[in-house]
Amino acid sequence: MRLKSDKVSKTDLNTSLFELLVPANNKETAIMAVNAGADAVYIGYSKFGARAQAGNSIEDIIDVIEYAHKYRVKVYITINTILKDDELEQAQKLIWKLHSIKADAIIIQDMGLLECSLPPIPIIASTQCHNNTLEKIKFLEKTGFKRVILPREITLTEIQEISKNTDIELECFIHGALCMSYSGQCYMSCYSGGRSANRGECAQPCRKKYSLKSADGKYIVKNKYLLSLKDFNLSDRLEDLILSGITSFKIEGRLKNKTYVINTTAFYRKKLDEILNKYNLKRASMGISQYDFEPDINKTFNRGFTDFYITGKKNKIATIDYTSSLGEYIGKVKETTKNSFLIPNIKFNNGDGICFFDKNKTLIGTYINKTDNNYTFPSSMEGIKEGTTIYRNFNKEFEDKLQNSKPLRKLPLTLKIRKNLMGLNFFLTDEEDNTACLIIPYEKAQNKEKSVKILEEQLIKTGNTEFNIINTDIKITEAPFIKISKLNEIRRTLIEHLRKIRKKNYKYNSRFNKIKVCDYPIKTLDYTANIYNKKAEEFYKKRNCTVKEFAFEINPKEHEHAILMTSKYCIKNQLGLCPKQSGRNKFKEPFILIDEGNKKEYLVAFSCLDCVMKVIAN
């Protein structure tokens, strides 16, 4: 499917800045993300983020902002949990602090924050706000949000409709793990174990094994990962997304390690730049990244890939036989010995991790001990035979390269030298026309040609700085004799002066629009609105809503038969039982989903008219 470029007007495309948005669980990862080519990073404070395990101190966040802003990379702070009444004041103070250190935006879910006294910091509506309709997004735009993060389930057609009818910035996920349930509409972790996803403590119940029974007690499936989905990958849909109105492209993974972030960032940087160059479009930050490796998303953690429902089509997208990393497809075993196997033209590295499915469709993993004359010797040969399909889910050579990788990001500069009555004028100019200037008294040179050459050669040595002088404009025929140490001092002075100018001229976008009161499109709100504090209740009441129920987390026992998950993913479709897909469902509904470990049972209901599945507390 290829979209026509008139889905978004050419004027809109040319005036937009396109952003690759990358996760960071700590300062080191954030800096690596910037170096690898991120246009923005999102990172959490030690509290109030939807990934409680990925919190950072204010001091580290300050360091990240200082570093990122050198390259005009924006830093967004996640405050996207629902908050208790006694947490609002602390969250409010945090937001004022973030504004003072020039964080570029906050990402929020809890509307109670908008009833607090907030600084003029831009606000982004988290995907946990369940931004799934045009009406909701119009509401958020009128209220004063700068941007909305769209749900992963959204289609290109829906994006186009939203883009044509709003002016708000649109952000979408393009890569990473998938929630089985609509974001913000999942209560299974809280119900099954008391750990609330909306409070940053999701226990990932979708990655557990379940059995499925029919209403009359017959087993349909036993002990499979029935709710575990493949990983998201829209790398082949970036152009479609741009032409549909997306300006921010988000990689998921604030719990992922440094090597994952470096690899995925570099991969999508290259892909995105190709498209931006094709349409002569502008990216949202500055600087050119250089890599000492070839990025490949198949070589880092993945459960296999899916583009989910971006085209509106239903596919088999769950990984019911496994939930760990599958990695990259290698090939089929052609020959085996007692201790080794052979796949023609494939060379493994000692320490590689491989996996394969046994006769029971169970994913088995082992490590490579050595290779000899094209034969591979794993730690165990159990289950490996001729015809077995092998995947590599840990590429030691590639991981080692990423661990030791130090991607560089350089800001291109122009060095200009002119002569005047005072002496020599040195100018150092960046792409924003920020210019540092220095005048050196003039003395005649003994060797005219050599002196100019030495001058240029010495001044362009920017070394380990963030700059790279790629253009020179030297309009002099002779230069004074200047010691090498003095030339180094000139260069350092120019660079330090330019740094200060660039920092002073950083364009920090404050939120000038006040939070407005306008009608919310849904008039009666239940627990799925995630109202956890009195200020959130006040927010919705001002907008002509009746609050029927408060957040699920307040008292889970009150919701005995609550809908815990709402999903476009369908178990019937996955198992070939969907009548729309010519499947035959011979099993009596409703289905029962069984967590054999916790002895919990859930009802599974299907709304085939709108292709939605619901998991219900039983």
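Rule-based calculations on the coordinates, nothing more; no lab input. Please read these numbers as outputs of a predicted model, since none were measured by experiment. Backbone-built Cβ (ideal geometry, glycine too); neighbour counts: all protein chains shown.
Values for this structure:
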read-out	value
Chain lengthening between N555 and E66 when straightened (0.36 nm per residue, less Cα-Cα)	171.8 nm
Distance (nanometres) between label positions extended 7 Å along Cα→Cβ at S485 and K218	9.1
Helix-derived mean residue ellipticity, 222 nm - over the chain, DSSP H n ≥ 4, -39500 (n - 2.57), to 500	-7500 deg cm²/dmol
Cα convex hull volume per residue for the range 52-119 (Å³)	90
Between the range 82-119 and the range 275-322, the alpha-carbon center distance in angstrom	32
Hypothetical label at K332: residues of the range 376-399 whose amide nitrogen lies under 16 Å (7 Å Cα-Cβ projection)	384-391
The range 231-314 - percent relative contact order, Cα under 8 Å, separation 6 or more	52
Extension gain (nm, one decimal) between E496 and F357, 0.36 nm per residue minus Cα-Cα	44.3 nm
Exceeding the 23 Å Cα-Cα cut-off - candidates K136/K278; K224/K600; K256/K361; K222/K256	K136/K278; K256/K361; K222/K256
Percent of alpha-carbon pairs separated by more than 14 Å within the range 534-618	72
Cross-link pairs K208/K548; K146/K541; K27/K557; K97/K535 - those with Cα-Cα distance over 29 Å	K208/K548; K27/K557
Dimensionless Rg over Rh [the range 410-504; C-alpha; Kirkwood]	0.95
Packing-based ranking, highest mean first, of 225-234, 196-205 given that Cβ atoms within 10 Å are counted	225-234, 196-205
Kirkwood hydrodynamic radius of the range 342-392, from inverse mean 1/r over distinct Cα pairs, in Å	11.2
Added length on full extension, which subtracts the Cα-Cα distance from 0.36 nm per residue, N585 to T414	54.7 nm
Proximal aspartates and glutamates to K271, defined as alpha-carbon separation beneath 19 angstrom and excluding residues fewer than eight positions away on the same chain	E19, D39, E171, D231, D236, E239, D240, E252, D292, E294, D296, D307
Relative pair counts by distance (%), Cα atoms of the range 171-278, 5 Å bins	2, 10, 16, 17, 16, 14, 11, 7, 5, 3, 1, 0
Packing-based order for 567-577, 398-408, 67-77, using average beta carbon neighbours within 10 Å, highest first	67-77, 567-577, 398-408
Karplus-derived HN-Hα couplings along the range 168-176 (A = 6.51, B = -1.76, C = 1.60, θ = phi - 60°), whole Hz, x at Gly and Pro	6, 5, 10, 10, 9, 6, 10, 7, x
For the chain: rounded, prolate or oblate by the Cα gyration tensor [a/c cutoff 1.5]	oblate
3J(HN,Hα) from dihedral phi, the range 327-337, Karplus parametrisation 6.51/-1.76/1.60, rounded to Hz, x for glycine, proline	x, 9, 5, 9, x, 9, 5, 8, 8, 10, 10
Packing-based ranking, highest mean first, of 212-224, 505-517, 312-324 given that Cβ atoms within 10 Å are counted	312-324, 212-224, 505-517
Nitroxide proxy distance, nm - points 7 Å out along Cα→Cβ at N404 and N257	1.6
Q458 paired with K599, simple spin-label distance in nm, labels 7 Å along Cα-to-beta-carbon	8.3
The range 286-373 shape via C-alpha gyration tensor axes, a/c threshold 1.5	oblate
Pairwise centroid distance, computed over Cα atoms, of the range 547-618 with the range 216-261, Å	20
